[in-house]
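Any read-out appearing in this document is the output of simple, stated calculations on the displayed coordinates, not a laboratory observation. From a predicted model like this one, the values you see are computed outputs, not experimental measurements. Here the Cβ positions follow ideal geometry from the backbone for every residue, glycine too, while neighbour counts run over all protein chains shown.
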Amino acid sequence: MTKKLPKEELYGLTSQMRRSAVSIPSNIAEGFRRYHNKEYKQFLYIALGSCAELETQLIIPNELNYINEINKTEIIEKIKYICRMTVKLINKL
């Protein structure tokens, strides 16, 4: 989706969105390799923060008419699904 953003956003929104998207699974993986559930949970909470960050960053290009409402909604639904799975994992630890 970030490929659809204008070139002038390459070092702004595009970069931020990609970093947020990569941060989610990266934090989950890093936390998984920790020795204690308390540390794992902390990384899962960081992943949730990245989900919220990415969700917010999707609203901005929609407001600027870089992406349409349908694209925004589809991606936000996927992010919310990841958030729900992460919260369930936190609750099981």
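Residues of segment 43-81 that are farther than 28 Å from Pro6 by Cβ and either surrounded by 16 or more Cβ atoms within 10 Å (Cβ to Cβ) or of a type in the set (D, E, K, R) (or both): Phe43, Leu44, Ile46, Ala47, Leu48. Within segment 21-42, if we keep just the residues that are over 30 Å from Asn65 (Cβ atoms), out of contact with any Lys or Arg (no Cβ under 8 Å at 6 or more places or on another chain) and in contact (Cβ under 8 Å) with a residue 24 or more places away in the chain, the residue that is surrounded by the fewest Cβ atoms within 10 Å (Cβ to Cβ) turns out to be Asn37. Just wondering, is there one or more residues in segment 48-63 that are of a type outside the set (Lys, Arg), touching a Lys or Arg at 6+ places or on another chain (Cβ under 6 Å) and free of Cβ contacts under 8 Å to residues at least 60 places away in the same chain? Scanning segment 48-63, I find at least one residue that is of a type outside the set (Lys, Arg), touching a Lys or Arg at 6+ places or on another chain (Cβ under 6 Å) and free of Cβ contacts under 8 Å to residues at least 60 places away in the same chain, so the answer is yes. The residue pairs whose first member lies in segment 4-20 and is free of Cβ contacts under 8 Å to residues at least 60 places away in the same chain and farther than 19 Å from Ile46 by Cα, whose second member is polar (S, T, N, Q) and assigned to a helix (DSSP H, G or I), and whose beta carbons are closer than 6 Å, counting only pairs six or more residues apart or on different chains, are Thr14/Thr2. Taken as a whole, the condition of being without any contact (Cβ under 8 Å) to a residue 24 or more places away in the chain and under 13 Å from the mean Cα position of the chain (by Cα) does not apply to Ile70.
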